[in-house]
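Let me begin by presenting the structure, written as structure tokens, before commenting on it.
The values are calculated or read from the model by the stated rules, or taken from the named source; none is laboratory data. A quick note: this is a predicted structure, and the numbers were derived from the prediction, not measured. When we count neighbours, we look across all protein chains shown, and the Cβ atoms used for this are built from the backbone with ideal geometry, even at glycine. Just the protein is used for accessible areas: all its heavy atoms, side chains included, with ligands, DNA and RNA removed. Shrake-Rupley method; radii C 1.70, N 1.55, O 1.52, S 1.80 Å.
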Amino acid sequence: MSAVVVVGAQWGDEGKGKVVDFLSEAADVVVRHQGGNNAGHTVVVNEREFKLHLVPSGILYPKTLCVIANGVVIDPKVLLDEIAYLQGHGVDVSRLRISSKAHVVMPYHAKLDAVNEERRGDQKIGTTLRGIGPAYMDKAARVGIRVGDLMHPDELRDRLSRALEEKNHVLTKAYGIEPFSFDELYTTFLDYGQKLSQYVADTSVIVNDAINRGERVLFEGAQGTMLDIDHGTYPFVTSSHPTAGGAAIGAGVGPTQIDRVYGVAKAYTTRVGDGPFPTELSDATGADIRERGHEYGTTTGRPRRVGWLDAVVLRYAARVNGLAGLAVTRLDVLDGLPSLRIATAYEYQGERLTEFPDTAWAFRHVTPIYETLPGWDEPIGSYRKREDLPTNARHYLDRIEAVVGIPVVLVSVGRERSHTIVLHDVF
Ligand code: GDP
Ligand code: IMO
Ligand code: MG
């Protein structure tokens with residue numbers, strides 16, 4: 001098995017960073033292929049916490065090649081800061097490669113993200129305000145600036161002046177905001193280009209060569225299935241494809257090159273940002289899980305909305321991603337809860353739905369149908385084998401496999417790399 005995609009199976013923050021870091025020990029190359037610094041992936045190794053936004057979670061291993069591929073949108077300042085932060089912690093980043101085709105998140109994208117959200121009022125998406133949507137909009141509108149442009153002064157002058165003419169028009173005329181200065185942006189971004197140039201490469205060649213040599217390549221998804229612009233809870237989604245297909249386009253590899261896809265899911269559900277969330281717990285149990293699990297966003301610090309595990313969502317994720325299995329994280333957060341619930345179906349207009357509804361309207365109006373399971377008392381964080389887990393924890397995992405219809409391949413029982421139980425080989 002050489003090329004494996006890891007995606008979020010819920011609404012993001014499932015613990016992809018932890019799982020990808022764990023699997024990276026066996027990987028030769030780790031690739032980020034979509035999203036931008038809306039992502040926040042936390043990795044904890046020997047009590048040291050690393051928060052990664054753009055650099056793949058494989059960077060903490062000395063030999064792994066890490067690729068930021070064409071499908072990612074890059075805020076160069078954030079990336080340079082992240083590189084400096086990693087270097088400051090003794091991490092060698094010389095194995096980082098960045099696609100010249102990746103689009104650049106410009107300061108006007110962040111500004112437009114903010115004014116768009118403000119204008120939406122109570123219909124706001126609750127974005128991370130990092131300019132991700134407007135950057136992907138420019139990519140689709142064919143007025144984006146790409147990493148490669150930052151290394152060519154004439155190209156950048158041309159692309160930036162065209163883009164800025166339109167952006168400044170919108171910002172000044174529609175929103176009464178000060179225009180951005182061309183000269184300032186031009187010199188700043190040329191400078192970023194110079195600083196990043198040592199990492200820039202044709203990453204599609206690198207990734208395909210690695211696959212063809214039989215090396216182990218891991219694709220690290222950002223966000224989650226339910227935030228996918230096509231398959232998520234539109235319009236409360238991000239602007240990229242966090243589902244598995246995004247890995248092929250976002251890294252320039254053929255779908256036939258990908259061997260397997262795994263989903264990461266919390267043992268319950270969280271969502272940060274606005275939009276429908278059928279199993280949301282707005283009561284004391286939800287607040288309790290939020291506090292036990294320190295459920296506050298890695299990127300924005302916002303409290304995450306918390307709810308029971310939703311197997312309808314996970315079955316849907318299994319379908320649209322072609323999941324071969326699930327990595328279940330944060331099982332330890334449920335320690336001590338007297339009982340647990342799993343939504344196995346929804347009720348909608350008097351009918352029982354077992355498939356995720358096809359329309360946003362229906363999804364907003366479903367009521368979960370729950371199965372209740374007994375909890376366990378003892379802390380499970382120190383267990384490393386499935387057999388050691390309390391009977392009810394094993395039973396909970398069995399039910400997840402049964403109602404989602406795919407195997408659980410890995411269980412995470414704590415934040416540390418070592419807090420992991422492997423049930424099946426992933427590579
Ligand atoms: P990602 O965006 O999917 O990479 O997830 P985040 O890093 O944003 O959020 C997941 C959080 O859960 C991080 O703080 C992780 O350190 C933490 N985490 C991951 N797995 C576990 C686990 O099994 N147990 C506990 N208690 N925390 C975990
Ligand atoms: P990781 O990779 C959780 C959410 C935002 C908002 C919506 C759109 O850490 O799992 P955007 O800024 O992308 O336009 O916001 O998507 N969102 C995430 N939620 N985890 C993430 O990334 C997210 N990235 C974006 O909260 O609801
Ligand atoms: Mg996150």
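Please specify each residue of segment 126-145 satisfying the condition of being assigned to a loop (DSSP other than H, G, I, E, B) and either assigned by TED's automatic domain parsing to the domain that holds Ala39 or crowded, with 19+ Cβ neighbours inside 10 Å (or both). Let's see the steps before the verdict.
Start the filter on segment 126-145 by keeping residues that are assigned to a loop (DSSP other than H, G, I, E, B), which leaves 126-131, 142-145.
Listed by number, the residues that qualify are Thr127, Thr128, Arg130, Gly131, Gly144, Ile145.
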Subset of segment 24-43 (residues that are surrounded by fewer than 24 Cβ atoms within 10 Å (Cβ to Cβ) and either among the polar types (S, T, N, Q) or free of Cβ contacts under 8 Å to residues at least 12 places away in the same chain (or both)): Thr42
field: Hits in segment 236-274 (condition: surrounded by fewer than 21 Cβ atoms within 10 Å (Cβ to Cβ) and within 20 Å of Thr299 (Cβ to Cβ))
entry: Asp274
message: Residue pairs, Cβ under 6 Å, 6 or more apart or interchain, first in segment 398-419 and closer than 19 Å to Phe22 by Cβ and outside the structural domain of Val313 (by TED's automatic domain parsing), second within 16 Å of ligand 2 (Cβ to nearest atom) and open to solvent by less than 60 Å² (accessible area, probe 1.4 Å). List them.
response: none
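Could you say which residue among Asp92, Asp13, Asp81, Asp21 is open to solvent by 10 Å² or more (accessible area, probe 1.4 Å), within 16 Å of ligand 3 (Cβ to nearest atom) and either outside any loop (DSSP other than H, G, I, E, B) or over 29 Å from Leu156 (Cβ atoms) (or both)? First the steps, then the outcome.
Working: Asp92 fails: within 16 Å of ligand 3 (Cβ to nearest atom); Asp81 fails: within 16 Å of ligand 3 (Cβ to nearest atom); Asp21 fails: open to solvent by 10 Å² or more (accessible area, probe 1.4 Å).
The match here is Asp13.
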field: Tally, over segment 302-311, of residues that are at pLDDT below 95 and more than 10 Å from Val272 (Cα to Cα)
entry: 0
field: Hits in segment 288-319 - residues which are part of a helix (DSSP H, G or I), open to solvent by 40 Å² or more (accessible area, probe 1.4 Å) and either of a type in the set (Val, Ile, Thr) or in contact with a helix residue (DSSP H, G or I) (Cβ under 7 Å, 6 or more places away or on another chain) (or both)
entry: Arg292, Arg315
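Away from ligand 1 (no atom under 16 Å from the Cβ) and modelled with pLDDT of 95 or more: does that describe Thr64?
Values: away from ligand 1 (no atom under 16 Å from the Cβ): yes; modelled with pLDDT of 95 or more: yes.
Yes; evaluated as a whole, the condition is true for this residue.
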- prompt: Of all residues in segment 346-368, how many are part of a strand (DSSP E or B) and open to solvent by 50 Å² or more (accessible area, probe 1.4 Å)?
  reply: 4
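Table: residues versus (1) of a type outside the set (Lys, Arg); (2) within 16 Å of ligand 1 (Cβ to nearest atom).
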| site | (1), (2) |
| --- | --- |
| Ser240 | yes, yes |
| Tyr268 | yes, yes |
| Asp274 | yes, no |
| Phe277 | yes, no |
| Asp283 | yes, no |
| Arg304 | no, yes |
| Asp310 | yes, no |
| Gly336 | yes, yes |
| Tyr346 | yes, no |
query: Restricting the search to segment 237-253, which residues are touching a strand residue (DSSP E or B) at 6+ places or on another chain (Cβ under 9 Å), assigned to a loop (DSSP other than H, G, I, E, B) and hydrophobic (A, V, I, L, M, F, W, C)?
result: Ala244, Val253
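Which of the residues belonging to segment 54-86 are of a type in the set (Gly, Ala, Ser) and in contact with a Lys or Arg (Cβ under 7 Å, 6 or more places away or on another chain)? It would help to see each step written out before you state the result.
At the first step, the residues of segment 54-86 found to be of a type in the set (Gly, Ala, Ser) are 57-58, 69, 71, 84.
Selection gives Ala69 alone.
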statement: Ala343 meets each of (1) under 17 Å from Met226 (Cβ atoms); (2) in a loop (DSSP other than H, G, I, E, B) with one exception, condition (2)
query: Tally time: how many residues in segment 41-70 are in contact with a helix residue (DSSP H, G or I) (Cβ under 8 Å, 6 or more places away or on another chain) and part of a loop (DSSP other than H, G, I, E, B)?
result: 8
- request: Identify all residues within segment 220-268 that are more than 10 Å from ligand 2 (Cβ to nearest atom) and either among the β-branched types (Val, Ile, Thr) or not assigned by TED's automatic domain parsing to the domain that holds Ile289 (or both); write none if there are none.
  value: Thr225, Thr243, Ile249, Val253, Thr256, Ile258, Val261
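Quickly run through segment 156-212 and pick out the residues that are hydroxyl-bearing (Ser, Thr, Tyr) and modelled with pLDDT of 95 or more.
Of segment 156-212, the ones hydroxyl-bearing (Ser, Thr, Tyr) are 161, 172, 175, 181, 186-188, 192, 197, 199, 203-204.
Passing the criteria: Ser161, Thr172, Ser181, Tyr186, Thr187, Thr188, Tyr192, Ser197, Tyr199, Thr203, Ser204.
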- prompt: Give me the pairs: first residue in segment 208-228 and within 16 Å of ligand 3 (Cβ to nearest atom), second residue open to solvent by 10 Å² or more (accessible area, probe 1.4 Å) and part of a helix (DSSP H, G or I), beta-carbon distance under 6 Å, and six or more apart or on different chains, which are they?
  reply: none
